1. As an exercise, identify the chymotrypsin sites (Phe, Trp or Tyr not before Pro) in segment 51-121 lying in DSSP coil whose Cβ has no more than 15 other Cβ atoms within 10 Å.
2. How charged is the neighbourhood of residue 38? Take every other residue with its Cβ under 10 Å from the Cβ of residue 38, and add Lys/Arg as +1 and Asp/Glu as -1.
3. With springs only between Cα atoms under 10 Å apart, run a GNM on the chain and tell me which of 55, 70, 106 wobbles the most.
4. Could you list, by residue number, the cysteines of the chain that have no other cysteine's beta carbon within less than 4.7 Å of their beta carbon?
5. As an exercise, identify the trypsin sites (Lys or Arg not before Pro) in segment 16-110 lying in DSSP coil whose Cβ has no more than 11 other Cβ atoms within 10 Å.
6. Can you tell me the accessible area per residue over the chain, all protein chains present, probe 1.4 angstrom, in square angstrom?
Amino acid sequence: QVQLAESGGGLVQAGGSLRLSCAASGSIFSINTTGWYRQAPGKQRELVAESTSCSSTNYADSVKGRFTFSRDNAKNTVYLQMNSLKPEDTAHYYCHAYIIQHGGGSWLHYWGQGTQVTVSS
């Protein structure tokens with residue numbers, strides 16, 4: 001079964017940096033849109049960054065200039081480089097992707113379990 005696994009979260013001080021990774025594994029035929037979302041306690045999940053197979057990336061206004069999305073297609077892995085972190089960036093960060101499995105015929109939406117990012121002031 002296809003799975004997404006995030007890593008790289010942790011505790012950092014304001015102004016610090018962190019890089020998140022998300023690796024897709026399983027019977028993957030093709031991956032289309034991929035991205036990062038985050039959710040803080042008591043709040044809804046929100047888009048952080050999203051990129052299509054055409055390499056067009058959209059960022060939330062709150063992270064523009066500080067976060068950078070990148071990918072390694074050969075490894076089925078995407079990254080989120082987070083610089084100049086602020087306390088308001090504290091949240092669980094999730095990756096997601098639309099994937100066609102081997103033997104499948106349509107795009108399905110997959111989510112990872114998330115990794116915690118905590119930024120102290």
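1. Details: sites: 59, 67, 69, 79, 93, 94, 98, 107, 110, 111; in loops: 107.
Sparse-neighbourhood loop chymotrypsin sites (Phe, Trp or Tyr not before Pro): 107.
2. Values: positive: 43, 45; negative: 46, 89.
Around residue 38, the surrounding residues sum to 0.
3. Of 55, 70, 106, the most mobile in the Gaussian network model is 106.
4. When partners are defined as cysteine Cβ atoms under 4.7 Å apart, the chain leaves 54 without one.
5. On the way: sites: 19, 38, 43, 45, 64, 66, 71, 75; in loops: 43, 45, 64, 66.
Taking segment 16-110 and a limit of 11 other Cβ atoms within 10 Å, the loop trypsin sites (Lys or Arg not before Pro) found are 43, 64.
6. Per-residue value: 55 Å².
The values are calculated or read from the model by the stated rules, or taken from the named source; none is laboratory data. Because the structure is predicted, anything quoted here is derived from the model rather than measured. Because the Cβ atoms are built from the backbone with ideal geometry, glycine has one as well, and the counts that use them run over all protein chains shown. Quick note on the areas: whole protein, heavy atoms, side chains included, nothing else; ligands and nucleic acids left out. Shrake-Rupley method; radii C 1.70, N 1.55, O 1.52, S 1.80 Å.
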